[in-house]
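Let me begin by presenting the structure, written as structure tokens, before commenting on it.
The values are calculated or read from the model by the stated rules, or taken from the named source; none is laboratory data. Owing to the predicted nature of the structure, the values given are computational and were not obtained by experimental measurement. No Cβ is skipped: glycine too gets one built from the backbone with ideal geometry, and neighbour counts run over all protein chains shown.
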There are 2 protein chains.
Amino acid sequence: MKQITKHNIRNSLRRIFLYHGLLVRLNTMGVTRVFSYTLAEGAGVTPEQVRKDFSEYRIRGNRRGGYLTVTLLSEMETLFNRDRISNVILVGMGNLGQALSKYGQFIQRGINIVASFDIDPYKQKARADSNVYPPGRLQEIIERFRVTIAIITVPDISAQEVCNDLVNMGIRGIVNFSPVLLKVPVYVVVNNVNLSDEIESVVMSVSRMKEE
Amino acid sequence: MKQITKHNIRNSLRRIFLYHGLLVRLNTMGVTRVFSYTLAEGAGVTPEQVRKDFSEYRIRGNRRGGYLTVTLLSEMETLFNRDRISNVILVGMGNLGQALSKYGQFIQRGINIVASFDIDPYKQKARADSNVYPPGRLQEIIERFRVTIAIITVPDISAQEVCNDLVNMGIRGIVNFSPVLLKVPVYVVVNNVNLSDEIESVVMSVSRMKEE
């Protein structure tokens, strides 16, 4: 069995999503055949990397004369398994948590937020229409909906504690929006999404371009 | 002059942020010296990659016997230039835009949202305290605050048009939260942050781990 680190899984998957986005655009533009170097250029990687990623996820296609755009799209969408609905929970109904709980793109992508949690009784009451529960009901709801994925949008001071509790209750994948790098057991996948980093990387890239 | 693609800049910077986060944690735990393989393991890359990234950003340290944690932190923070404030604008005050405009971490990281924009007159009025302007005032405010960075949180249907307008008004870096891959001239940096992808990658990683 090949050992794949958590981060390797994430980076290659991130690229597959990127290739998919490029293919959707190329397809809309009427491009019926693409080469690995086209995708490589769009994604800022080498053509070898594209082919390696395709191979890792068993995405096939006729290389000679290029891949068929629609075939690649269809293979990737089978991979993404867009028909399957994944039940996820969201913990922390601050501004970001509330925005994510209302984010329309998720359900289109099969991501179904079955319940949100917050320690603030006001948030539980004020948003009774949208399934905001107290943390005391986490275990029950995780079991009832067989949830294995959680989105964490709590303040950084409580992120690690919330994470530990979730893992103890059976959560195996965490999307962490708090600026804390979470410690988890090896059998748990964490994706740390740091919004400040995303913006700062653009700020820095722009200032580097100015210097050149 | 070495040609660096937009994506290369972003990926190496992303790793620097990751190393920085690990170093903050190690420092809190009292670890005074680290080796490239420690950071490599935490970031899911090779030690060679860590050293290559350090070299690209001119982060130095005594390799023999390990790097001093505080020295690395200090060099990285100089690189991040945390004292400098970057003025940015935010376009699209839907749920996500509103959440980001109130996101407390940004200002701690020197990211200052000077103004937000929305075509909806109700959003302009309802949030008069928080500088929500009509798009007609974009040019004036971009010039007044010398803004070069914009965050786009408009619906996907208008994202490319908004992007084109911003580039014409002098914006050189875009953080795009819409699920559209934006087309920009080569002198503009775009960071496409796709929140559905971030969640879906965890969903897929967890299901792959179950299969193994």
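Give the residues of the stretch B:11-35 that are more than 22 Å from A:ASN194 (Cα to Cα) and out of contact with any Ser or Thr (no Cβ under 9 Å at 6 or more places or on another chain), sorted by residue number.
Quick first cut of the stretch B:11-35, residues more than 22 Å from A:ASN194 (Cα to Cα) only: B:30-35.
The answer is B:GLY30, B:PHE35.
Hey, any hits in the stretch B:30-41 for a residue that's at pLDDT below 80 and either assigned to a helix (DSSP H, G or I) or not small (Gly, Ala, Ser) (or both)?
Looking for residues that are at pLDDT below 80 and either assigned to a helix (DSSP H, G or I) or not small (Gly, Ala, Ser) (or both), one finds none in the stretch B:30-41, hence no.
For (1) within 9 Å of chain B (Cβ to nearest Cβ); (2) modelled with pLDDT under 90, each residue gets a yes or a no:
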{"position": "A:VAL132", "(1), (2)": "no, yes"}
{"position": "A:GLY136", "(1), (2)": "no, no"}
{"position": "A:VAL147", "(1), (2)": "no, no"}
{"position": "A:GLN160", "(1), (2)": "no, no"}
{"position": "A:LEU181", "(1), (2)": "yes, yes"}
{"position": "A:ILE199", "(1), (2)": "yes, no"}
{"position": "A:GLU212", "(1), (2)": "yes, yes"}
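Based on what the data block shows, is B:LEU22 over 26 Å from A:GLN49 (Cα atoms), within 13 Å of chain A (Cβ to nearest Cβ) and not in a loop (DSSP other than H, G, I, E, B)?
Numbers: over 26 Å from A:GLN49 (Cα atoms): yes; within 13 Å of chain A (Cβ to nearest Cβ): yes; not in a loop (DSSP other than H, G, I, E, B): yes.
Judged against the criteria, B:LEU22 is a match.
I'd like to verify a number: residues in the stretch A:47-68 that are assigned to a loop (DSSP other than H, G, I, E, B) and within 23 Å of the chain's Cα centre (by Cα), how many? Reasoning before the result, please.
Taking the stretch A:47-68 first, the residues assigned to a loop (DSSP other than H, G, I, E, B) are A:57-66.
Next, only the ones that are within 23 Å of the chain's Cα centre (by Cα) stay: A:57-59.
Residues flagged as assigned to a loop (DSSP other than H, G, I, E, B) and within 23 Å of the chain's Cα centre (by Cα) within the stretch A:47-68 amount to 3.
Test of understanding: among B:GLU41, B:GLU56, which residue is within 14 Å of chain A (Cβ to nearest Cβ) and out of contact with any helix residue (DSSP H, G or I) (no Cβ under 8 Å at 6 or more places or on another chain)?
Numbers: B:GLU56 fails: out of contact with any helix residue (DSSP H, G or I) (no Cβ under 8 Å at 6 or more places or on another chain).
From the options B:GLU41, B:GLU56, the qualifying one is B:GLU41.
Test each condition in (1) at pLDDT 80 or above; (2) of a type outside the set (Ser, Thr, Tyr); (3) in a loop (DSSP other than H, G, I, E, B); (4) surrounded by fewer than 16 Cβ atoms within 10 Å (Cβ to Cβ) for A:ASN27 and report the one that comes out false.
Of everything listed in (1) at pLDDT 80 or above; (2) of a type outside the set (Ser, Thr, Tyr); (3) in a loop (DSSP other than H, G, I, E, B); (4) surrounded by fewer than 16 Cβ atoms within 10 Å (Cβ to Cβ), A:ASN27 misses just condition (3).
Take A:ARG172 and tell me if it is more than 27 Å from B:ASN112 (Cβ to Cβ), more than 16 Å from the chain's Cα centre (by Cα) and basic (Lys, Arg). Spell out how you get there, then give the answer.
Working: more than 27 Å from B:ASN112 (Cβ to Cβ): yes; more than 16 Å from the chain's Cα centre (by Cα): no; basic (Lys, Arg): yes.
Answer is no for this residue.
Since B:GLN105 meets every condition but one in (1) more than 10 Å from chain A (Cβ to nearest Cβ); (2) under 25 Å from B:ILE199 (Cβ atoms); (3) at pLDDT below 95; (4) not in a loop (DSSP other than H, G, I, E, B), which condition does it not meet?
It is condition (1) that B:GLN105 fails.
Among (1) of a type in the set (S, T, N, Q); (2) touching a strand residue (DSSP E or B) at 6+ places or on another chain (Cβ under 9 Å); (3) closer than 24 Å to B:ILE107 by Cβ, where does A:GLN160 come up short?
Result: A:GLN160 fails condition (2) only.
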